[in-house]
Amino acid sequence: MQKSNRKMLFALIVFLSLFPVVVLNVGAIGHYLDVMIFVGIYSLINMGLSLLMGYAGQISLGHAAFFGLGAYTSGILCTKLSLSPWLAMPAGIFLTALVAYIVGVPSLKLKGHYLAMATLGFGVIVYIFFNEEVALTGGPSGFSDIPGLTFFGLDLNNELYYYILVWSLVVLTLVFSLNVINSRIGRALRSLHDSAVAADAMGVETSRFKLVIFVLSAAYASLAGSLYTHYVGFLSPSSFDFFLSIKLVMMVVVGGMHNIWGALLGTWLLTFLGNEWLHVFRDFDILVYGAVLLAIVMFLPEGLVDLSPKMKRLWKRS
Amino acid sequence: MERISLLGQLTQYFFTGITVGSIYALVAVGFNIIYNVTEIINFAQGEFVMLGGLIMVFFTATAKLPLPIAFFLTVLAVTGVGALMERFTINPLKNATVLTMIIVTIAVSILLKGIAMFVWGKDPYIIPPFSGSKPIFILGAAIQTQTLWVLFITAVVVVLLSFFFKKTRYGKAMLACADDPEAARLVGIRVNIMILISFALSAAIGAVAGAIITPISLMEYDRGALLALKGFGASVMGGLGSFYGAVVAGILLGVIESLCAGFVSSGYKDAVALLLLLLVLYVRPSGLFGNVEASKIKEF
Amino acid sequence: MDSEKFDTLLRVEDLHKSFGGVQALEGLSFTVTSGIIKAIIGPNGAGKTTLFNLISGVFPPNNGAITLEGLSIEGRKPWEIARLGVSRTFQNVEVFGRMTVLENVMVGRHIQSRAGIISTGLKLPWMRREERRIQDGAKDYLEFVGLLHKGGELAGNLPLGEQRLLEIGRALATEPRILLLDEPAGGLNTKETEGLASLIQRILERGITVILVEHDMNLVMDISDEIVVMNFGEKIAEGKPKQVKNDPVVIEAYLGEEVDYSDI
């Protein structure tokens with residue numbers, strides 16, 4: 001792993017360890033731990049999206065569907081078949097990866113706008129499926145009483161434990177992703193970005209790597225979905241709608257899609273904005289989201305992670 | 001209770017189908033106009049329709065203006081929105097990547113949706129049909145008069161657009177930009193202005209669609225996305241960039257959807273349209289009607 | 001005839017390619033014997049780069065055959081052809097600008113490695129060893145083209161001459177049997193061109209066959225064993241440098257082009 005990544009990782013772990021200590025001792029922000037759990041869950045999805053968009057250069061406007069597939073598989077297997085959540089989770093990942101593979105093969109042949117529309121269409125189809133298959137999914141009103149997670153008898157459905165669980169998985173996934181980025185696969189993907197024709201000539205099998213990353217990102221989303229399910233204990237289609245797909249893409253873009261740390265930053269910022277700091281706006285968060293996204297794309301196209309180097313440059317100049 | 005005959009049912013679904021289909025067709029045409037000049041797919045296209053409907057509600061129900069004036073002002077207002085969108089978000093971004101362009105138009109669509117919710121709230125609105133709510137009966141099916149208005153106005157729009165692109169200076173200049181922007185620039189066409197016109201025109205067409213469909217299907221702030229998706233489906237099925245292809249495919253999509261809703265499952269009607277979109281994208285991205293050669297020569 | 005088959009590495013037969021009605025190649029045929037430097041020359045627009053794009057699979061020919069040691073490769077995907085041992089450089093340099101010089105050559109080692117997503121993500125021990133091998137191999141090739149000291153720089157920041165060398169190093173890293181060089185001397189000064197000539201000789205000594213598209217006639221006449229002369233998508237002459245140089249057809253084709261034969 002590169003030195004800069006190691007430093008960042010260290011900083012992240014320090015932050016994550018101190019966060020609960022501080023938050024739990026300041027009464028007014030005690031519930032930040034809960035928000036942070038959601039940040040972690042969305043971070044899992046967005047690391048995959050970052051790999052897909054920033055490194056493989058492919059857009060997906062349907063990742064809410066993969067998130068939902070993981071969530072529903074876990075929910076259904078645990079309530080209807082009383083399966084252990086620890087078995088349901090990999091089952092969900094497997095199923096989601098399979099679906100991603102089947103959708104990915106024809107979709108990833110499409111480029112740009114076509115791919116965006118195809119993934120968007122796929123996402124809406126899955127959403128309709130969640131709504132209509134009432135016997136399986138409970139339809140629009142969803143279903144509840146999904147069991148929480150236990151770990152060798154330890155009930156994890158406590159904010160602190162769940163925080164530790166989710167963020168441990170985030171850190172592991174992050175390390176996994178960083179390893180992929182700094183390997184022959186990561187290099188192949190980055191080379192594709194700079195010159196597809198030269199990457200081709202070096203024997204890089206473009207289409208295969210796009211697919212691999214697509215499936216990987218779907219697997220991340222599925223894992224996030226399972227964690228979501230067991231945390232909230234309740235599922236309904238509205239948590240996996242088209243707007244969520246857009247919001248996820250937005251988090252990645254706002255943070256900076258060419259950098260996996262940007263995905264984390266964007267997720268953290270927009271989740272706190274949406275769940276906490278924008279509560280004064282109530283339902284009008286859409287308006288604020290739209291404005292923020294537009295401003296970032298227009299004025300800071302590389303995302304917030306580009307802000308500090310930009311500041312440094314300005315600083316040096318003056 | 002009187003049973004409606006199968007023929008009556010079919011007629012009913014068919015008319016419903018071509019009515020919604022006309023709206024899809026108009027959205028698809030809007031996509032094509034912008035695509036042809038800029039190669040951008042404007043994800044905010046559906047928002048123009050939504051705004052058309054809701055602004056029409058404002059002018060007729062709130063401001064109580066006479067119908068023709070309300071209609072005119074609605075189209076004018078949304079056209080302005082389209083022009084503003086181009087000036088403030090598309091025009092400043094020179095040489096942006098496709099990914100950036102997609103995200104910019106998505107951002108605009110979210111913003112417009114947010115503004116609409118801010119102004120009108122979450123509830124759907126309806127306005128009275130243009131000429132009374134008494135249905136006419138055809139083959140045992142009750143057809144609302146608004147349906148005829150939708151078909152009539154769609155036809156007028158199509159005829160006017162054909163005239164615009166074939167006979168007027170601006171229309172021809174836009175086609176030239178579509179063929180080869182560099183060459184168009186060289187012969188003195190101001191591509192910049194053509195892009196502005198394409199957004200304004202698309203917005204106007206969206207506004208028309210929204211204004212005429214609201215008496216039938218109501219309108220609320222979050223309708224845009226699905227309309228855009230289906231309109232895009234129609235424009236791809238018709239062969240992206242093809243004017244008549246978009247119209248035929250839009251109406252076809254509407255009819256298929258309506259028949260499916262009537263005879264199979266109403267819950268899955270949206271899914272059917274989207275599945276068709278995916279199938280066309282996967283199997284024949286050049287569209288059902290355009291052959292590959294024709295999709296290269298962009299023609300309205 | 002049969003004996004010839006053994007050392008014919010690449011055979012191009014009756015190649016046709018047109019772009020929207022414009023005929024770029026019209027029935028081009030030639031063979032390349034193993035272990036030589038073969039130059040393809042001709043005026044601008046003769047179809048030389050199109051030929052390279054067809055051989056390396058950027059697009060398929062309309063008609064005709066390309067065979068690599070008897071194996072037909074026309075219409076195959078570029079990455080497949082790269083795996084079969086054909087690598088190339090580009091006329092308009094195509095380095096991976098936002099990656100370091102070393103990483104560029106490491107991409108060249110792509111087909112010589114095989115770690116998949118799971119083993120790279122988990123950094124399994126054998127993957128680490130492979131990663132080290134990739135890096136060591138890449139360094140060897142950087143040293144071979146004389147760029148080892150620039151390994152950490154961003155490829156996009158190198159001057160043009162070094163970018164051309166980097167492209168050669170990257171192509172060699174795939175361990176090709178045939179190397180296609182598309183105007184490697186373009187934009188180089190005299191000294192750099194001399195260095196390039198000796199580099200190409202050293203590549204040949206490694207047993208790699210070189211096909212060279214080049215406008216610098218001094219370089220071409222100096223180092224090539226055989227020359228194919230193209231004009232308007234057709235072969236108008238073929239032979240040893242001396243034969244070609246004195247061929248009236250070739251001289252006529254070059255009329256109007258600025259070619260300085262005075263110091264050959």
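The values are calculated or read from the model by the stated rules, or taken from the named source; none is laboratory data. The shown structure was predicted, so the numbers you read here are calculated from the model rather than taken from an experiment. Backbone-built Cβ (ideal geometry, glycine too); neighbour counts: all protein chains shown. Accessible surface areas use protein heavy atoms only, side chains included; no ligands, DNA or RNA. Shrake-Rupley method; radii C 1.70, N 1.55, O 1.52, S 1.80 Å.
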Residue ID - nearest to the other protein chains (Cβ to nearest Cβ), chosen from residues in region C:135-151 that are open to solvent by less than 70 Å² (accessible area, probe 1.4 Å) and over 22 Å from the mean Cα position of the chain (by Cα): C:Q135
So for region B:231-238 (the condition being within 27 Å of B:I34 (Cβ to Cβ) and either among the charged types (D, E, K, R) or in contact with a Lys or Arg (Cβ under 8 Å, 6 or more places away or on another chain) (or both)), does at least one residue qualify? no
Filter region C:51-65 for residues that are under 15 Å from A:A201 (Cα atoms), open to solvent by 10 Å² or more (accessible area, probe 1.4 Å) and either hydrophobic (A, V, I, L, M, F, W, C) or more than 13 Å from every other protein chain (Cβ to nearest Cβ) (or both) and give the result. C:V58, C:F59, C:P60
Since C:K38 meets every condition but one in (1) away from chain A (no Cβ under 14 Å); (2) open to solvent by 10 Å² or more (accessible area, probe 1.4 Å); (3) of a type in the set (D, E, K, R), which condition does it not meet? (2)
Checklist (1) within 8 Å of another protein chain (Cβ to nearest Cβ); (2) over 22 Å from A:L52 (Cβ atoms); (3) at pLDDT below 90 applied to A:F242, failing item: (2)
Filter result for the condition that a residue is more than 9 Å from every other protein chain (Cβ to nearest Cβ), in contact (Cβ under 8 Å) with a residue 40 or more places away in the chain and in contact with a Ser or Thr (Cβ under 9 Å, 6 or more places away or on another chain), over A:G104, A:G148, A:G62: A:G62
Looking at region A:298-310, which of its residues are within 8 Å of chain B (Cβ to nearest Cβ) and either modelled with pLDDT of 85 or more or under 19 Å from the mean Cα position of the chain (by Cα) (or both)? A:M298
Return a yes/no flag: does region A:180-201 have any residue that is closer than 30 Å to A:Y72 by Cβ, of a type in the set (K, R), assigned to a helix (DSSP H, G or I) and touching a residue at least 60 places away in the same chain (Cβ under 8 Å). no
Quick check on region A:153-176. Is at least one of its residues touching a His at 6+ places or on another chain (Cβ under 9 Å), β-branched (V, I, T), at negative phi and away from chain C (no Cβ under 14 Å)? no
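A quick yes/no check of all residues on (1) under 18 Å from the mean Cα position of the chain (by Cα); (2) within 14 Å of chain A (Cβ to nearest Cβ):
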position	(1), (2)
B:I41	yes, yes
B:A44	yes, yes
B:M50	yes, yes
B:L65	no, no
B:M85	yes, yes
B:P92	no, yes
B:N95	no, yes
B:I106	yes, yes
B:S109	yes, yes
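How about region A:223-266: which of its residues are outside any helix (DSSP H, G or I) and closer than 27 Å to A:H193 by Cβ? Write out each step before concluding.
Quick first cut of region A:223-266, residues outside any helix (DSSP H, G or I) only: A:233-236, A:241, A:256-259.
Answer for region A:223-266, where residues must be outside any helix (DSSP H, G or I) and closer than 27 Å to A:H193 by Cβ: A:G256, A:M257, A:H258, A:N259.
Let me confirm something: among A:V232, A:V215, which residue is among the β-branched types (V, I, T), under 30 Å from A:S82 (Cα atoms) and surrounded by fewer than 19 Cβ atoms within 10 Å (Cβ to Cβ)?
After applying the criteria, what remains is A:V232.
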Of everything in region A:65-85, what is touching a residue at least 40 places away in the same chain (Cβ under 8 Å) and either of a type in the set (A, V, I, L, M, F, W, C) or more than 25 Å from A:P140 (Cβ to Cβ) (or both)? Give them in sequence order. A:A65, A:F66, A:F67, A:L69, A:A71, A:I76, A:C78
Every residue from region C:94-125 that is within 17 Å of A:F176 (Cβ to Cβ), in a helix (DSSP H, G or I) and either more than 7 Å from chain A (Cβ to nearest Cβ) or aliphatic (A, V, I, L, M) (or both): C:I117, C:I118, C:S119, C:L122, C:P125
Yes or no: region B:51-66 includes at least one residue that is without any contact (Cβ under 8 Å) to a residue 24 or more places away in the chain and open to solvent by less than 10 Å² (accessible area, probe 1.4 Å). no
B:A271 vs (1) open to solvent by less than 20 Å² (accessible area, probe 1.4 Å); (2) in contact (Cβ under 8 Å) with a residue 40 or more places away in the chain: all pass except (2)
Check whether at least one residue in region B:235-256 is within 27 Å of B:L111 (Cα to Cα), of a type outside the set (K, R) and at pLDDT below 85, and report yes or no. yes
Residue pairs, Cβ under 9 Å, 6 or more apart or interchain, first in region C:66-84 and more than 8 Å from chain A (Cβ to nearest Cβ) and of a type outside the set (S, T, Y), second open to solvent by 50 Å² or more (accessible area, probe 1.4 Å) and part of a helix (DSSP H, G or I). List them. C:G70/C:K5; C:I73/C:E80
Considering only region B:15-39, how many residues are more than 18 Å from B:L276 (Cβ to Cβ), open to solvent by 10 Å² or more (accessible area, probe 1.4 Å) and touching a residue at least 12 places away in the same chain (Cβ under 8 Å)? 4
Sort out which residues of region A:202-216 are within 11 Å of another protein chain (Cβ to nearest Cβ) and touching a residue at least 60 places away in the same chain (Cβ under 8 Å), and write them in order of number. A:S207, A:F209, A:L211, A:I213, A:V215, A:L216
Which of the residues spanning region B:140-174 are of a type in the set (F, W, Y), buried (at least 18 other Cβ atoms within 10 Å of the Cβ) and more than 25 Å from B:A184 (Cα to Cα)? B:W149
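Do we find a residue being within 24 Å of A:L211 (Cα to Cα) and at the interface with another protein chain (Cβ under 9 Å from one of its Cβ atoms) anywhere in region A:81-95?
No - not one qualifying residue is present in region A:81-95.
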For B:V119, are the conditions met, namely being assigned to a helix (DSSP H, G or I), surrounded by fewer than 14 Cβ atoms within 10 Å (Cβ to Cβ) and touching a residue at least 60 places away in the same chain (Cβ under 8 Å)? yes
Which number in (1) open to solvent by 50 Å² or more (accessible area, probe 1.4 Å); (2) more than 14 Å from every other protein chain (Cβ to nearest Cβ) marks the one condition that B:S258 misses? (1)
